[in-house]
Amino acid sequence: MAEFSFIRSSAGLLPADADGKEWMEKLRYGVRVIANVVVPRNPKFNRKFFAMLHVAYDNHDWPVVSYTGGETSCSFDRFRKDVTIQAGFYAVTCNTRGVVRKEAQSISFAKMDEAEFGQLYSAVLDVILAEFLTGWTSGDMDHAVDQMLSFA
């Protein structure tokens, strides 16, 4: 299985790079090709989303919880999944004991288009400001995210 990028033009789909061009040149005319097509989201918007999550995670006062095996606290990955669920982007599943659970929706490029990702961003921002950074405004968050991205 190969993966190539293409660009739509008036002449049809054209290879976006040398590897794709080489592959197309080897392909005989009339050969049927099956493709899984993904239109990638704006990668800058994706980075902005994760920067927003990191700002919220880094600026929240996380409790340390004791349990029989020691102490633990919330991980970034758990935080990302939880705010995604709180924002309403989840699937309901059932575990092996019959307990209903909410699983965070996948945000992969293949599973979520640009428009839905924009809705997720806005809803997660609302959750963060209401639940974790209650004294912040969306302007405060934008400023912090812009600062974080300027260092990247």
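Figures for the structure shown
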item: Residue check, W23 farther than 21 Å from L133 by Cβ and either touching a residue at least 12 places away in the same chain (Cβ under 8 Å) or outside the structural domain of S108 (by TED's automatic domain parsing) (or both); result: yes
item: Residue in the range 4-19 that is assigned by TED's automatic domain parsing to the domain that holds S138, free of Cβ contacts under 8 Å to residues at least 24 places away in the same chain and in contact with a strand residue (DSSP E or B) (Cβ under 7 Å, 6 or more places away or on another chain) present; result: no
item: Meets criteria (under 28 Å from the mean Cα position of the chain (by Cα), modelled with pLDDT under 90 and over 30 Å from V145 (Cβ atoms)) for A2; result: yes
item: Evaluation of D82 against (1) in contact (Cβ under 8 Å) with a residue 60 or more places away in the chain; (2) surrounded by 11 or more Cβ atoms within 10 Å (Cβ to Cβ) (one fails), failing number; result: (1)
item: Residue list for the range 130-151, restricted to those being charged (D, E, K, R) and surrounded by fewer than 12 Cβ atoms within 10 Å (Cβ to Cβ); result: D146
item: Failed condition for R41, given (1) of a type in the set (D, E, K, R); (2) closer than 21 Å to F132 by Cα; (3) in contact (Cβ under 8 Å) with a residue 60 or more places away in the chain; result: (2)
item: Residue in the range 111-128 that is surrounded by 11 or more Cβ atoms within 10 Å (Cβ to Cβ), without any contact (Cβ under 8 Å) to a residue 60 or more places away in the chain and in contact with a Ser or Thr (Cβ under 8 Å, 6 or more places away or on another chain) present; result: no
item: Looking only at the range 73-124, and only at residues there that are farther than 30 Å from P63 by Cα, part of a helix (DSSP H, G or I) and charged (D, E, K, R), the one that is modelled with the lowest pLDDT; result: E114
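The values are calculated or read from the model by the stated rules, or taken from the named source; none is laboratory data. What you see is a predicted model, and the numbers here were worked out from it, not measured in a lab. A quick note on method: Cβ atoms are made from the backbone with ideal geometry, for glycine too, and the neighbour counts reach across all protein chains shown.
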